[in-house]
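Every read-out reported here was derived from the displayed coordinates using simple, explicitly stated rules and does not represent laboratory data. No experiment lies behind these values; they were computed from the predicted model shown. Methodologically, a virtual Cβ is constructed for each residue, glycine included, from the backbone with ideal geometry; neighbour enumeration extends over all protein chains shown.
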Amino acid sequence: MEGYFVRTLGMHRVYNSAFMNMLKMEDNANYRQTVKNVLEFSPEVLKRFVNFMNNPDERTAVDQFGREDKYFGVAVMMVTMPGLPMFGHGQIEGYHERYGMEYRRPYWDETVDEHIVYRHETEVFPLMRRRRLFSGAAHFALYDFCTPNGQVDENVFAYSNRAGDERAIILYNNAYTTTSGRVRFATAINAAEADNPVLVRRTLAETLNLNTDPRCYYAFRDHRSGLEYLRHSKRFVEEGLYAELHAYQYCAFVDFREVIDTDESWGRLDARLGGQAVPSVEDGYREMMLEPLLEPFRRLM
């Protein structure tokens, strides 16, 4: 129905009820197919959707999605997908009362859930302040999350976007299962006009416009944990990105920084880290370079 409103009737903004209902029911394969259909028709249509988790006609967000990881995984999707994110009355405070359009005041005496507010402030709001990075559809790409046995895990939503030199990769497992896999190839996208589609599939390195110089490395940060990773650009090209996701876990990889290895020192750090996350890639690099001084000092102390 949302696609009909946009494509046929030409509406500029459409409430995307499919986002709320399909993610709530964990009808993940069908919602991924919905997004893929839009991308194959015209990616710009995504910008017209208003994504929401509740509104005055629906049950409250905490009633539908709970108060923990599933709620925040879907909320992160809402604020990092192209289009317009919409929070309902009382959603951030964790209220159970549904505020209809005719309500002048609340009828229930509810208290603010400080835990939900805190997680909004630390996890959701910082991403909302980056809407410039997420709101557009010109560089948006949806990926297949391929498990080690070669199957596509339809429960995982994996997508990326970029704006200028800023890049982001979002992963979210909307199921009560643990999974692992790689994102490398994007689903088909229409690279031409809607009336004369030209479907193309790009790699993760292509959609993020990564530097493929063999001396190039990328440092990036996981938004939720604050930990940083270091990856050789060649690995992004050949292998994509590997991730392990627990039930309703999301990852938001941001703050991509390019490093050119002129003396193979960054290659040594990459080998030392072995793909593991660290509090700061730069601190790890300095510690490695100062090791000839630090090691004798540690022995002395």
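Where the only charges are on Cβ atoms (+1 Lys, Arg; -1 Asp, Glu), what is the dipole of the chain about its Cα centre, to the nearest 20 debye? Walk me through the intermediate numbers first.
Numbers: 36 positive and 44 negative charges, 92 e Å.
With Lys and Arg at +1 and Asp and Glu at -1, about 440 debye.
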List the aspartates and glutamates whose Cα sits under 14 Å from the Cα of Lys24, skipping any in the same chain fewer than 8 residues away. Glu58, Asp63, Glu68, Asp69
Label point at Glu110 placed 7 Å out along Cα→Cβ; residues across region 238-277 whose backbone nitrogen lies under 13 Å: none
Normalised by the empirical 2.2 N^0.38 Å for globular proteins, what value does the Cα Rg of region 1-90 take? 1.05
Report the full-extension gain for the segment Tyr118 to Tyr242: residue separation times 0.36 nm, less the Cα-Cα distance, to one decimal in nm. 41.7 nm
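From the P(r) of region 159-294, could you give the percentage of C-alpha pairs in the tail past 20 Å? Mind dumping the intermediate values first?
Values: 4792 of 9180 pairs.
I get 52 percent for the Cα pairs in region 159-294 exceeding 20 Å.
Regarding region 47-91, what's the average projected area of the Cα-atom convex hull, expressed in nm²? Can you show the working numbers first?
Numbers: hull surface 11.9 nm².
If you wrap the Cα atoms of region 47-91 in a convex hull and average its projections, you get 3.0 nm².
Using the Kirkwood formula on the Cα atoms of region 58-199, what hydrodynamic radius do you get, in angstrom to one decimal?
On the way: mean 1/r = 0.0574 Å⁻¹.
It works out to 17.4 Å.
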Nearest 10, in degrees from 0 to 90: the angle of helix 28-41 to the longest Cα principal axis of the chain is 90 degrees
DSSP loop (so not H, G, I, E, B), at most 14 other Cβ within 10 Å: list which GluC sites (Glu not before Pro) in region 211-301 pass both filters. Glu264
Take the Cβ-Cβ distance between His96 and Arg202 as r, set R0 to 41 Å, and report the resulting FRET efficiency rounded to the nearest 0.05. 0.40
Given backbone amide H placed at 1.01 Å from N, residues whose amide H is under 5 Å from that of Tyr15, ignoring those fewer than 5 places away on the same chain, are Val50
For region 179-244 and region 8-78, write down the distance between their C-alpha centroids in whole Å. 24 Å
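For Lys234 and Leu300, what is the calculated FRET efficiency with R₀ set at 41 Å and r taken between the beta-carbons, to the nearest 0.05? Can you show the working numbers first?
On the way: r = 40 Å, r/R0 = 0.98.
According to the calculation, E is roughly 0.55.
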Between the modelled labels at Thr262 and Tyr4 (7 Å from Cα along Cα→Cβ) the distance in nm is 6.2 nm
Quick calc, Ser280 & Tyr103: beta-carbon distance into FRET formula, R0 35 Å, rounding 0.05, result 0.15
Please grab the % of Cα pairs in the chain that end up more than 32 Å from each other. 33 percent
